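Please read the structure below before turning to the comments.
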Amino acid sequence: MTGLHLVRLDDFLARRWEDVVDLTLQHLAAVAVSLALATAIGVLIGLLVWDRPVPRAVSLTAAGIAITIPSLALLALLSPVLGLGWAPTIVALVFYSLLPIVRNTVVGLREVPSHLVESAQGMGMTPARVLLSVQLPLAWPVIVTGIRVAAQLTIGIAAIAAYVAGPGLGVYIFRGLSSLGSVNALNFALTGTLCVVLLALLVDGLFVLIARHSTPRGLRV
Amino acid sequence: MTVHTGPQRTRLLRHVATPLAVTVVLVALFAWVGTLRLDSIESRTLNAGYLLDRTREHLVLTVTSSALVALLAIPTAIAAYRVRSRVVKAVVIALGNIGQATPAVGVVILLAIVWRTGFTTALVSLVAYCFLPVLRNTLTGLEQVDAATREAALGMGMTPRQVLWRVELPLASPVILAGLRTALVFSVGVATIATFINAGGLGDMIINGLKLQRFSVLLVGAVLVAAIAVLIDWAAGLVEDWTRPRGL
């Protein structure tokens, strides 16, 4: 039984590999765009709140509550407003990425030793200069870890977005469900799921490299 | 002391603000629904009986799967820990990483295709999905116990079993509970997807609302699911705080 399915999966992939590559690239594009937007917004929020106790507590609490909301519920709520397709997908992915990125930006900035900030100020650096040349570079490894966590989260959630006609490999997973009982149902769902797993593992590996190469030389272990 | 004010303030804010915010949202939602004139499709779903049935299904799926995960994953992790083999630990962590990379919707739908649709399939896929993260968290928690503390307990004449129950498990409990809390919240989300394979729950309302273009049905379903997720996370957070060993 299993052998039969595997042979068929070979056949299936041989006939549809262009389609699979296309969906994988769509999936990656949706995740990359969302992460870029979420990083810009999240780091900005982190910069605004990290040294103010009340805004910090409020934004971290709000983000912590927001991330518990089931993704299908959020996607469904967005669809009457944003329609179907890319728009609700990107908004939902940005929404779920914010918690890890804001939290890690706050943690990263708070971990910068205060004597380093003071000596930078003592050297006559402007606050903007201190931020760009001292605080952000030192906090960067922690921020990258936050983006990496967000990437793992969004790659999985993007699969559900296919239900609101979103892009990516979820299309194959849901096609497997809708063709339940036909010969290719398992091939569709299996191809979609395995490609998501591979993509998630590859992106995670990519982040290890990004973290290594974007970390200031003095901080590398 | 100043170091601790941040997390404490956040925690206090969450404990008080969360149930208040959820109550306000739910009251506003039902007040709004009360003002609507419902057509036949809407009145079939927007009534107390239907809402309670779907909510019950959702909670049963979530709580049963999380309880099963706790019963299966924690003893397995303890066994893996006591073997004290690097290979076992590496395998658990590698499997955990792959599990984390797997999309929940894929697991649910694949199982429905190779097995059958319905509640049992949803339950099995939820347990399978949450098993690895809890296993990994429990193992990590046990590994984190300070070797000196463990040796001191052995030096006091405790048997390995006593060390496990009185020292290692209590010290690891915050990490273990954090893993279970994540599993619970995750189950609420995956139980929503269970509607795709005819396993009921509040996902039914979301899907019906979308398909039949009834925004009120969709909104009530989505807000109820979100409220359950937020409240379960809140309750788990309270339990975490109460059960944290005093020295920690």
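The values are calculated or read from the model by the stated rules, or taken from the named source; none is laboratory data. On a predicted model such as this, the values are computed, not experimentally measured, just so you know. For neighbour counting, all protein chains shown are included, and Cβ atoms are generated from backbone atoms with ideal geometry for every residue, glycine included. We work out accessible area using only protein heavy atoms, side chains counted, and drop any ligands, DNA or RNA first. Shrake-Rupley method; radii C 1.70, N 1.55, O 1.52, S 1.80 Å.
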Just name one of A:208, A:12, A:185: the one whose Cα is farthest towards the positive end of the charge dipole of region A:2-219 (beta-carbon charges, Lys/Arg +1, Asp/Glu -1).
-> A:208
Could you state the angle between the C-alpha long axis of helix A:71-82 and the longest principal axis of the C-alpha atoms of chain A, as a value from 0 to 90 degrees rounded to the nearest 10?
-> 90
Quick one: angle between helix A:136-161 and the longest Cα principal axis of chain A, in degrees between 0 and 90, rounded to 10, please.
-> 20
At what distance in nm do the modelled label points of residue A:182 and residue B:30 sit from each other, each positioned 7 Å from its Cα along Cα→Cβ?
-> 4.4
Stretch gain in nm, segment residue B:87-residue B:240, where the contour uses 0.36 nm per residue and the Cα spacing is subtracted = 52.0 nm
Which residues of region B:180-222 bury at least 50 Å² of accessible area once all protein chains are present, versus their chain alone (1.4 Å probe)?
-> B:196, B:210
On Cα atoms only, tilt of B:104-114 relative to the major axis of chain B in degrees | 80
Determine how large the accessible area of residue B:119 is when every protein chain is in place; take a 1.4 Å probe and give Å² rounded to the nearest 10.
-> 80
Surface per residue (accessible, 1.4 Å probe) for the protein assembly as shown, Å² | 49
What are the extents of the Cα atoms of region A:2-219 along their three principal axes, listed from largest to smallest and rounded to whole Å?
-> 71, 40, 23
What part of the accessible area of the protein assembly as shown, given as a whole %, is carbon or sulfur when the probe is 1.4 angstrom?
-> 68
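Could you tell me the total accessible area buried at the A-B interface, probe 1.4 Å, in square angstrom to the nearest hundred?
3200
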Keeping all protein chains in position, work out how much accessible area residue A:123 exposes to a 1.4 Å probe, and write it in Å² to the nearest 10.
-> 150
